Amino acid sequence: MPPANGCVMGVVQDVATSGLTSAEAAARLAREGPNELPTAMRRNLPQQVWGVVRQPMLLLLLAAGVINFLLSEPLDGIMLMASVLIVISISVYQEHKTENALAALRDLSSPRALVVRDGRRLRVAGRDVVRGDVILLAEGDRVPADSTLVDCVNLSVDESALTGESVPVRKAAIERDPAAVEVGRPGGDGTPWIFSGTLVVKGHGVALVRGTGAATELGRIGTALRTIETARTPLQREIDRLVRVVAVLGLGAAVVVVTVYALTRGDVLEGLLAGIATAMALLPEEFPVVLTVFLALGAWRMSQRHVLTRRSPVIETLGSATAICVDKTGTLTMNSMTVRELVVGGATWLLDGQPLPETFHEIVEYGVLASPVDPFDPMDRAFTDLGARYLAGTEHLHRGWTLVREYPLSERMLALSHVWRSPESARYVVAAKGAPEAIADLCHLDAGSLAMLTTQVELATAGGQRVLAVARARFDRQVGLPPEQHDFDFEYIGLVGLYDPVRPGVTDAVADCARAGVRVVMITGDYPGTALAIAREIGLDHDAGCITGPELEAMDDAELARRIRTVSVFARMVPEQKLRLIRALKANGEVVGMTGDGVNDAPALRAADIGLAMGARGTDVARESAALVITDDDFSSIVGGIRRGRGIFANLRKAMSYIIAVHVPIFGMSLIPVFFTDWPLVLLPLQVALLELIIDPACSIVFESEEIDPRIMDERPRGLGAPLFDARVLTIAGLQGVSALTAVLGVYLWTVLTDRPDDVVRSVTFATLVIGNLALILVNRSWHLSIWHSMRQRRNPTVKWIIGGAGGLLVLLLFVPALREAFNLGPMEPWDWVVALAAGFLGVAWFEVYKALSRP
């Protein structure tokens, strides 16, 4: 930034270093509201109720109630209307829970901002930014609010969302008191104003927030912010198709029942009730509800484990992942750099707390000068910490020097330089640090020096260190500063070896991936020696060696696809090369997850089957391009997300299988007695509604709350696009339903053939149905463990509530005379209870035998 007058510089310095206090920010947030645009209002209670009432199941219940009133059976009509109220209550509760989960995800996925409050840097949600906040911006950040720049270096912003112009505009810091100047309009180079929703594409800066929420330019033109996408997923489309097919079958069966009943028994209204009961018995209205609940609550549960789901289809894809490409720094390692080794000339010094020899003072001095005064990056902090520890009290720390210009890192030059003005010198002092090959290029090293540098780098990286080189230069103040770093006459000083420890749990996570059939591919900008050393430490497959960026550039696509089948370590890579790696892996049939944190990672994140943005250090562009955001940047969280994604899908499959199985006996027992005129009807709409009150919470609460199978990571990845209902699932669900129907039908025939009264026949059969329903819940909790082991090993409090509630309700219905009469049921003998219990569980007992025989 060009020098400004003293008054303005004082204002800027005060604004940039102190910011608002936390109390001031909280007061403004309460007074002016959150920094967000008005969004669609959540549905109120009447709207939610109306949405539920329009569902086919509720319409059938209402029709059945009306018919009961027409038949002069007001008690049945009142009971059906009461069941309608209960179903509405359950549905509204589920919608409320789902919307709360989605709202929490929207809050988490909103853009973040780095602000200065109480004199400290603080990362906050974009919605919590207030007028008067000081925000710090860097390449890849989404601007959270309309602001005025008070300081910036090489800052360019993409304002196309507001102006339609795709070319980024250059920005300049204001040279007056920022609070005294009105914010201008978007567009035009050299202005100090930046606007909410625009994107920083280059450089960094400090800005004072002038407007938030609806008071921003974005708010005034009514542009909508991006939120969590809600497009129909392949799984939802599969469920939609199934519901349509079954609904048609249900309506066809209902028409048949009404016709047969009217012809054989001569009562159209009673036939309509029987037909409604048949349609209700077959209609799988739980499918879309269960899918919505599982995806929403599953995403919310994943967010509690540091994995934020931005797009719901990724939950389906997670179980299919076969390869995960990860950055080394900050994901496999802690990203907490410490300087371990210094190399100057032919001398090496291992930092162990002993006083630093004078020979190595200069490399530390210039390393500090090439770092920000108030560093944020862990590598820069390592240099400033090194200087504070070993150069304190010496002439090698320069608190009084002024930073004149910064030459940032670029794709062409992996080095940066700082130009300083010293009070004691008539010449500028220039300090540079960066990749050894970049510094060697700046210093124009001869062949001998370059060979020695290469040997020293290989020795340092073999121990897992990240290596940077440091250089110095001087430049005449009377001459204008050059446009590029190459124009300085640099002198090479030496190498700095930094160590970044491996994150705890990464080794176990890599082993989990190997067991689950998921390849881990490491991608790093470090040297091959460093990458291979880390690979050995974490147990990553490295037998096939390493491919470097220059080697990859020399390969054609076919050669890369062949080599990538066995090579899992890639070093000296630049972000643009990630896209080629993804394409090569996908060409080999892999389902690929890719991590990224920078602007240049966005194409790779979008191209991957599963884009994984780093939430702690990642840019907003990376977050917006990814399907998942890892909020703690930890590889173990990625593996945990795969595990939980597999678990969500497995539990969803069990819930859907249970729904199919439980509807078979209900449908069968509502249909079969219709064709025999001397057989009593078992299930009328009132009984079906009661069964639905058990089925709905069972499938959407019990199975969603089920713990993930510990063996889930022992399974191979599921094929991409594999249907939820494959042949095995449909076969098991169908057999469970048919066997349960056989047991219930056997009990029904036993009571009919022993000339029991119609209401007793209905009671014993209904009790068997309820008990068989509960048995289906218990056997489907795990497709590996027995009921006994599931109860002991899998904690799920909702099971006890559902089993206890349904069992208690059944006892009340059959023992309380008024309730028994209301539901057209009769008294049961003790022996009837024994038969119902035995038949209910024996109907699905074969699945327990199947699990025991198939257990390895």
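The values are calculated or read from the model by the stated rules, or taken from the named source; none is laboratory data. None of the values given here were measured: they were computed from a predicted structure. Glycine gets a Cβ as well: all are built from the backbone with ideal geometry, and neighbour counts include every protein chain shown. Please note that ligands, DNA and RNA were not included when accessible areas were found on the heavy atoms of the full protein model with its side chains. Shrake-Rupley method; radii C 1.70, N 1.55, O 1.52, S 1.80 Å.
Quick rundown of the values:
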| quantity | calculated |
| --- | --- |
| Residues being β-branched (Val, Ile, Thr) and loosely packed, with under 14 Cβ neighbours inside 10 Å - total across the stretch 833-856 | 2 |
| Selection count where residues are part of a loop (DSSP other than H, G, I, E, B) and closer than 13 Å to Leu498 by Cα, scope the stretch 517-532 | 2 |
| Any chance Gly367 is in contact (Cβ under 8 Å) with a residue 24 or more places away in the chain, under 26 Å from Val506 (Cβ atoms), small (Gly, Ala, Ser) and crowded, with 20+ Cβ neighbours inside 10 Å | no |
| Residue in the stretch 157-170 that is part of a loop (DSSP other than H, G, I, E, B), modelled with pLDDT of 80 or more and open to solvent by 20 Å² or more (accessible area, probe 1.4 Å) present | no |
| Residue list for the stretch 283-331, restricted to those being at pLDDT below 75, part of a loop (DSSP other than H, G, I, E, B) and under 15 Å from the mean Cα position of the chain (by Cα) | Arg310, Ser312 |
| Failed item, numbered, when Arg210 is tested on (1) open to solvent by 10 Å² or more (accessible area, probe 1.4 Å); (2) under 24 Å from Gly615 (Cβ atoms); (3) in a strand (DSSP E or B) | (2) |
| So Ile493, is it surrounded by 15 or more Cβ atoms within 10 Å (Cβ to Cβ), modelled with pLDDT of 90 or more and within 18 Å of Gln577 (Cα to Cα) | no |
| Ala544 vs. criteria open to solvent by 20 Å² or more (accessible area, probe 1.4 Å) and outside any helix (DSSP H, G or I) | yes |
| Residue match in the stretch 480-491 (condition: within 22 Å of Ala382 (Cα to Cα) and not aromatic (Phe, Trp, Tyr)) | no |
| Residues of the stretch 655-687 that turn out to be open to solvent by 20 Å² or more (accessible area, probe 1.4 Å) and either at positive phi or of a type outside the set (A, V, I, L, M) (or both), as a count | 6 |
| Whichever residue in the stretch 216-268 is in contact with a Ser or Thr (Cβ under 9 Å, 6 or more places away or on another chain), within 30 Å of Pro673 (Cα to Cα) and open to solvent by 30 Å² or more (accessible area, probe 1.4 Å) and, among such residues, is modelled with the highest pLDDT | Val256 |
| Criterion: at pLDDT 85 or above, assigned to a helix (DSSP H, G or I), within 28 Å of Ile712 (Cβ to Cβ) and open to solvent by 10 Å² or more (accessible area, probe 1.4 Å) - qualifying residue of Arg565, Arg644 | Arg644 |
| Residue list for the stretch 754-773, filter: closer than 20 Å to Ile659 by Cβ and either open to solvent by 10 Å² or more (accessible area, probe 1.4 Å) or not aromatic (Phe, Trp, Tyr) (or both) | Thr768, Leu769, Val770, Ile771, Gly772, Asn773 |
| Residues of the stretch 818-832 that turn out to be assigned to a helix (DSSP H, G or I), surrounded by fewer than 16 Cβ atoms within 10 Å (Cβ to Cβ) and at pLDDT 90 or above, as a count | 2 |
| Checklist (1) part of a loop (DSSP other than H, G, I, E, B); (2) surrounded by fewer than 16 Cβ atoms within 10 Å (Cβ to Cβ) applied to Trp801, failing item | (1) |
| Identity of the residue in the stretch 468-490, more than 18 Å from Thr384 (Cα to Cα) and aliphatic (A, V, I, L, M), that ends up most open to solvent (accessible area, probe 1.4 Å) | Val479 |
| Residue check, Pro355 at pLDDT below 85 and within 25 Å of Gly463 (Cβ to Cβ) | no |
| Within the stretch 374-411, considering residues that are buried (at least 16 other Cβ atoms within 10 Å of the Cβ) and among the β-branched types (Val, Ile, Thr), the one nearest to Val116 (Cα to Cα) | Thr384 |
| Any chance Ala535 is surrounded by 21 or more Cβ atoms within 10 Å (Cβ to Cβ), part of a helix (DSSP H, G or I) and at pLDDT below 90 | no |
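The rows are residues; the columns are (1) surrounded by fewer than 14 Cβ atoms within 10 Å (Cβ to Cβ); (2) at pLDDT 90 or above; (3) among the polar types (S, T, N, Q).
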| residue | (1), (2), (3) |
| --- | --- |
| Glu707 | no, no, no |
| Asp714 | yes, no, no |
| Arg728 | yes, no, no |
| Thr731 | yes, yes, yes |
| Gly734 | no, yes, no |
| Ser739 | no, yes, yes |
| Thr742 | no, yes, yes |
| Val747 | no, yes, no |
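Yes/no per residue for (1) open to solvent by 50 Å² or more (accessible area, probe 1.4 Å); (2) of a type outside the set (Phe, Trp, Tyr):
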residue	(1), (2)
Gly497	no, yes
Asp526	no, yes
Glu553	yes, yes
Leu560	no, yes
Phe570	no, no
